[in-house]
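**Student:** Provided herewith is a single structure, encoded as structure tokens, for subsequent inquiry.
The values are calculated or read from the model by the stated rules, or taken from the named source; none is laboratory data. This is a predicted model, so every value here is computed, not measured. We place every Cβ from the backbone using ideal geometry, glycine too, and count neighbours over all the protein chains shown. These area figures cover heavy atoms from the full protein model, side chains too; ligands, DNA and RNA do not enter into them. Shrake-Rupley method; radii C 1.70, N 1.55, O 1.52, S 1.80 Å.
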Amino acid sequence: MSTQGSPQTRDDSVPTPADVVAPAGDVAGPGDGAPARPEAPEAAAAPAPSPVSSPAPAPAPVSAPTPLPVEPAGAEEPKGRRRIGVLLVVALLAFLIDFGSKLLVVARLENHSAIKVIGDVVTFQVIRNSGAAFGMGQALTVVFTMIASAVIVVIWRIARRLYSLPWAIALGLLLGGALGNLTDRLFRSPGVFRGHVVDFISVQHFAVFNLADSAIVCGGILVVLLSFRGSNPDGTVHQQADKGERADKGE
């Protein structure tokens, strides 16, 4: 029988205090048989804050392209330049020639005997005419004055789209002749709008007229010829205009 504390009675299975408490500073290595203490996981790195970018500007609205005007098929633009200058030159020449001839015959031939130009067929003699061309409508002086004024306005309106040289000459003759006779209506006796036109070209068995009447007749004949040929004041022809209208209608 053994007593406590003797070497014979010591039980190896019971740990002694020396075995329990390890000396300070003694760290068990992996070769000592002691289990390795798990190391604390490193703190997860905080994600770096992404830089805050300013919002991209909204794209500017794209406006739809403006559609270009489509010319109707078959229509043709007037070619060349306007002929207003030609019209004005022709009208001015016609007016000045008529005005100068009237001044001359009034000063030299009025109250004198007729001057024979071609025998008795054509003579020069001054006659005051209160009517229209060739002595017609002598009781309608004011009416013919208003008609002459209206003709001048119509010619000027047509001149805004005038591109044809023949039309410019024709309208210039009409305008110059109308201005010549209208000047007599306004400034000769017996009064404004009732003045008598000076006629001096006498054709046997026909009439007595002046150069303004001749310009009006020549311009009118030229207008009729141009119309029969299908010519328009803007330089186009009737056939082209008809084709353009048919193309617009889809025929």
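**Student:** Select from the stretch 182-197 the residues that are surrounded by 14 or more Cβ atoms within 10 Å (Cβ to Cβ) and either among the basic types (Lys, Arg) or in a helix (DSSP H, G or I) (or both) and list them in ascending order.
**Tutor:** Leu182, Thr183, Asp184, Arg185, Leu186, Arg188, Arg194
**Student:** A further question follows. Please enumerate the residues belonging to the stretch 91-123 that are at pLDDT below 90 and among the small types (Gly, Ala, Ser).
**Tutor:** Listed by number, the residues that qualify are Ser113, Ala114, Gly119.
**Student:** Any residue at all in the stretch 217-231 that's outside any helix (DSSP H, G or I) and either open to solvent by less than 30 Å² (accessible area, probe 1.4 Å) or within 20 Å of Ile84 (Cα to Cα) (or both)?
**Tutor:** Among the residues of the stretch 217-231, at least one is outside any helix (DSSP H, G or I) and either open to solvent by less than 30 Å² (accessible area, probe 1.4 Å) or within 20 Å of Ile84 (Cα to Cα) (or both), which makes the answer yes.
**Student:** Identify all residues within the stretch 62-90 that are surrounded by 14 or more Cβ atoms within 10 Å (Cβ to Cβ), at positive phi and at pLDDT 55 or above; write none if there are none.
**Tutor:** Those that are surrounded by 14 or more Cβ atoms within 10 Å (Cβ to Cβ), at positive phi and at pLDDT 55 or above: none in the stretch 62-90.
**Student:** Let me ask something additional. Any idea which residue in the stretch 139-176 is surrounded by the fewest Cβ atoms within 10 Å (Cβ to Cβ), counting only those that are among the aromatic types (Phe, Trp, Tyr) and assigned to a helix (DSSP H, G or I)?
**Tutor:** Trp156
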